[in-house]
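Contents: one structure, followed by commentary.
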């Protein structure tokens, strides 16, 4: 019975995430269009809402091209892993009180662990496709993901110190009284935002797929549905990152200064989605404003700016927490 | 910005005392030639960039030898857009040559037309009416603005800021509308003809230019806020692909690239052709010769060109817009002529040799893109592949201009 | 300290950039919704070459082109081919029998129109110049001295765009038989169509 | 420096020099290398820029003219120099050891006129493909025939 229920959850989650990604792609296009004095897609469906659907249909019906010298198994596995990892990250994220698939008592660690496994798919894609652009993109990506993992985790440690738990649901519950952790941890929040943008390969950190130099980076050789998986994965990852931000720093589904137990659960869902989408809008805004970093600048920024600040943040938080306790 | 020589700051008019070649500031001799070499042994591999690549600005092919991310050598492979315009020009009458030059430098067609028209006029001793010259200056400078705006967008896109690309195009579109108003085309104008211009300017055109000049300073400020001041952009361009003035002179670099190396050499000032001696404008110049300085020179030139347009528009005299009686087939006397003009990309020269018949014996287009591109292998050596793209973008090539 | 100042300066520059993009997010959009809305063209717009025909008198419907070959000579890419015949009007010498313009070669330089001394050709305002077949790009402007019904059929068939009856003001006094006829045809077609639609 | 002064200066060093159209110098091929050294190094001329390097074909005289444009940024004068070469076996010294730009421009002239530049490090075609036959800008170059579409007059 549990197995069937679990499968049902997964199917529901998958369809929800897929719909979210469709909306996100549409939103990305609209936001970029507004920023650039354009109108954006407006032909397919009402207000162009079906544009992404049309694109997905196009991608599904397209031919799957494989470079004859590519490594068949790895080439095939890479897009699957790319999608599975961030998708599985959703399991622990609570959308509303008692709404979420599974609450692990170390949920945050689980999400970060899955996020790290993304790097495998990128390296596989780059190595398997036997293309130099793809290989360079993959190597960049490996270096970038590994080095941004550290500030990413370090910057949220402050939150865990304050909360004293790793369970997502409990962390949200602790922010009940309108004291979001972004107030306690402003520096941590900014660092997390930057590191998460880098983790999700979004501009200005989109070096693995820097189109002006590497054509399309690690997925240069991919086409059709396999390409769509990478596409899906990128936005899912963004969704996970922004959900994490909402849960850890912005109070999850909670509305500040209101008795949340009186509010029906569906409003909580909307509040959660609103917060997530605000963060996603911020990321899109970044993408369409900033130039791309160079690979060594990226490394320097990660190790010399982000990490020291994250450590300082952690030490100060720890000291203050200790002082308050004593 | 002490190193900035242009604008109000320096009344010294550096152009009067051009730094002599042996008096280059000493710091110029120590430029950063690429990134420090790594001690790791990395295997070199060849990478093929282009002819189909998002940022080769056309059909340029680069064969790049790389060590990891670092460019060890880079060999441009030209000729994908070679349309034998020099041979074609030898088989056309003097008036028929003009439309072909649009296709060479398709972002600065007005300047390309002007070079040929001026060469034929000098060869056949044709006196051009003053109004025609004024109109030529106006459209050429507008085209310079359009070209630089387009370049700014493309360069920003090379660096990764795609929004700058669209902003550049948005303002360029206004200039294209003006050109459509006066000559009916948006890209290949063929407007500056032998003996004047094709048609007179209209009051609507003047109104459009006035409107454009009104909004331009605001928009340029926006570009500076969005791109020039951006810390990531500065990191990506400052010091990147720097060349010394000696190297620039050895490789015959002209135009904004030369002025970014510290020599404020502009033919509009040094050998004023047409009416340029009448107008008051500065020659922007910076000292470092890197991508950032090239960017700043071009951004400053937009404002200077706008100044010239303003003055020319105010001084536009009445009169004919072209020579009234011009033979259908011009037969210049035997001789040759070499005309040099300051096109948006640099020095645009037309060498024309007449043998007394209705067709020239030899037409040579000395195009700035070709000579400026020749320094790419030197400038890109030792930098990363992302820098190679930035340096290539900062050269401002038009492949139609390179291959002709 | 220097490091911190650099970091904050950098951050500030990023915020300035974000401000610029935010500003334009709510400005008026510059895009034109192309197939529905078309930007007004300049009067001097250079599109297809159009041929003029006599509208009045005995020789109405005959081309105005007298095959003086001025355009053929001046064309830099030799894309015009004209054959001539004796003019039916005894006061004139010649008339164009066929006038073919090869759009695979044409570079829209306007030299032929400027060279024409009889206002026989003008620049039209059509700019949707795509074809499915190279053969269609040989535009037959005159066939057997007269306006031919197949004229511009290729353009209509291939591009789906109607030959738009817009003439630049400088040529406005020259009445264009093609436009008239097409207009009448269109009216006729509409008249035929509309009762059928009503019955449905 | 005015043109007349330049002519006199050059003539004093290279007696075979002629002036053409009151603005060009015609240098003897044998003097050419010394002349370039002179025009580059002498303090009066100091033409440090090789601005133009091209050729033109004169079929009736059976000559190929090399055309060089030298620019001085210091003295702001421009010298256009011509060297007449034999059309059958045109050859001249390469300027690559003085100017970086000469590498590409000489390759272009070699490509289009077949002029051999002695001492050029890599004299190969630059604009036309490597398997191109002939030199396109020569007057007697005949292009290989290609299909011409016949108009349909039916």
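The values are calculated or read from the model by the stated rules, or taken from the named source; none is laboratory data. Bear in mind that the values here come from a model prediction, so they are computed numbers and not experimental data. Counting neighbours? That spans all protein chains shown, and the Cβs are built from the backbone with ideal geometry, glycine included.
When segment B:343-380 is examined, which residues are found to be within 24 Å of the chain's Cα centre (by Cα) and more than 13 Å from chain D (Cβ to nearest Cβ)?
B:343, B:344, B:345, B:380
Mind telling me which of the residues C:41, C:18 ends up being surrounded by 15 or more Cβ atoms within 10 Å (Cβ to Cβ), out of contact with any strand residue (DSSP E or B) (no Cβ under 9 Å at 6 or more places or on another chain) and touching a residue at least 40 places away in the same chain (Cβ under 8 Å)? Can you show your working first?
Working: C:18 fails: touching a residue at least 40 places away in the same chain (Cβ under 8 Å).
After applying the criteria, what remains is C:41.
Scan segment A:80-103 and tell me whether some residue there is in a helix (DSSP H, G or I), over 21 Å from the mean Cα position of the chain (by Cα) and surrounded by 15 or more Cβ atoms within 10 Å (Cβ to Cβ). Before the answer, list the steps.
In the first step, residues of segment A:80-103 are kept if they are in a helix (DSSP H, G or I); the result is A:80-92.
From the residues that got through so far, the ones that are over 21 Å from the mean Cα position of the chain (by Cα) too are none.
Within segment A:80-103, none of the residues are in a helix (DSSP H, G or I), over 21 Å from the mean Cα position of the chain (by Cα) and surrounded by 15 or more Cβ atoms within 10 Å (Cβ to Cβ).
Based on this model, can you work out whether residue A:207 counts as touching a helix residue (DSSP H, G or I) at 6+ places or on another chain (Cβ under 6 Å), surrounded by fewer than 19 Cβ atoms within 10 Å (Cβ to Cβ), in the same structural domain as residue A:293 (by TED's automatic domain parsing) and in contact (Cβ under 8 Å) with a residue 12 or more places away in the chain?
Working: touching a helix residue (DSSP H, G or I) at 6+ places or on another chain (Cβ under 6 Å): yes; surrounded by fewer than 19 Cβ atoms within 10 Å (Cβ to Cβ): no; in the same structural domain as residue A:293 (by TED's automatic domain parsing): yes; in contact (Cβ under 8 Å) with a residue 12 or more places away in the chain: yes.
No; evaluated as a whole, the condition is false for this residue.
Each row is one residue, and each column tells you yes or no for (1) in contact with a helix residue (DSSP H, G or I) (Cβ under 7 Å, 6 or more places away or on another chain); (2) modelled with pLDDT under 80; (3) exposed (fewer than 14 other Cβ atoms within 10 Å of the Cβ); (4) within 14 Å of chain A (Cβ to nearest Cβ).
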| residue | (1), (2), (3), (4) |
| --- | --- |
| B:2 | no, yes, yes, no |
| B:30 | no, yes, yes, no |
| B:66 | yes, no, no, yes |
| B:70 | no, no, no, yes |
| B:86 | no, no, no, no |
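If only one of B:145, B:126 is away from chain A (no Cβ under 14 Å), more than 22 Å from the chain's Cα centre (by Cα), more than 20 Å from residue B:58 (Cα to Cα) and modelled with pLDDT of 85 or more, which one is it?
Values: B:145 fails: more than 22 Å from the chain's Cα centre (by Cα).
Residue meeting the stated conditions: B:126.
Please determine whether any residue of segment A:39-47 is within 14 Å of chain B (Cβ to nearest Cβ), surrounded by fewer than 18 Cβ atoms within 10 Å (Cβ to Cβ) and not in a helix (DSSP H, G or I).
Within segment A:39-47, the first condition is being within 14 Å of chain B (Cβ to nearest Cβ), and the residues that meet it are A:39-40.
Among the residues that remain, those that are also surrounded by fewer than 18 Cβ atoms within 10 Å (Cβ to Cβ) are: A:39.
Keeping just the survivors that are not in a helix (DSSP H, G or I) gives A:39.
So far as segment A:39-47 goes, yes, one or more of its residues are within 14 Å of chain B (Cβ to nearest Cβ), surrounded by fewer than 18 Cβ atoms within 10 Å (Cβ to Cβ) and not in a helix (DSSP H, G or I).
Select from segment D:66-76 the residues that are buried (at least 19 other Cβ atoms within 10 Å of the Cβ) and in contact with a helix residue (DSSP H, G or I) (Cβ under 7 Å, 6 or more places away or on another chain) and list them in ascending order. First the steps, then the outcome.
Residues of segment D:66-76 that are buried (at least 19 other Cβ atoms within 10 Å of the Cβ), as a first pass: D:66-73.
Passing the criteria: D:70, D:73.
Answer with yes or no whether residue B:387 is crowded, with 24+ Cβ neighbours inside 10 Å, within 9 Å of another protein chain (Cβ to nearest Cβ) and at pLDDT 85 or above. First the steps, then the outcome.
On the way: crowded, with 24+ Cβ neighbours inside 10 Å: yes; within 9 Å of another protein chain (Cβ to nearest Cβ): yes; at pLDDT 85 or above: yes.
Yes; evaluated as a whole, the condition is true for this residue.
Output yes when any residue across segment C:62-72 is at the interface with another protein chain (Cβ under 8 Å from one of its Cβ atoms), surrounded by fewer than 20 Cβ atoms within 10 Å (Cβ to Cβ) and not in a loop (DSSP other than H, G, I, E, B), and no when none is. Walk me through how you get there before you give the answer.
Quick first cut of segment C:62-72, residues at the interface with another protein chain (Cβ under 8 Å from one of its Cβ atoms) only: none.
For segment C:62-72, residues at the interface with another protein chain (Cβ under 8 Å from one of its Cβ atoms), surrounded by fewer than 20 Cβ atoms within 10 Å (Cβ to Cβ) and not in a loop (DSSP other than H, G, I, E, B): absent.
Among A:35, A:65, which is touching a residue at least 60 places away in the same chain (Cβ under 8 Å) and closer than 29 Å to residue A:124 by Cβ?
Numbers: A:35 fails: closer than 29 Å to residue A:124 by Cβ.
Residue meeting the stated conditions: A:65.
Out of segment A:119-129, which residues are surrounded by fewer than 24 Cβ atoms within 10 Å (Cβ to Cβ) and closer than 20 Å to residue A:237 by Cβ?
A:119, A:120, A:123, A:124
Among the numbered conditions (1) within 14 Å of another protein chain (Cβ to nearest Cβ); (2) assigned to a helix (DSSP H, G or I); (3) under 23 Å from residue C:110 (Cα atoms), tell me where residue B:186 comes up short.
The single condition residue B:186 does not satisfy is (2).
Can residue A:132 be described as within 14 Å of chain B (Cβ to nearest Cβ), surrounded by fewer than 19 Cβ atoms within 10 Å (Cβ to Cβ) and either under 18 Å from the mean Cα position of the chain (by Cα) or modelled with pLDDT of 75 or more (or both)?
Details: within 14 Å of chain B (Cβ to nearest Cβ): yes; surrounded by fewer than 19 Cβ atoms within 10 Å (Cβ to Cβ): yes; either under 18 Å from the mean Cα position of the chain (by Cα) or modelled with pLDDT of 75 or more (or both): yes.
Here the answer is yes, as residue A:132 does meet what is asked.
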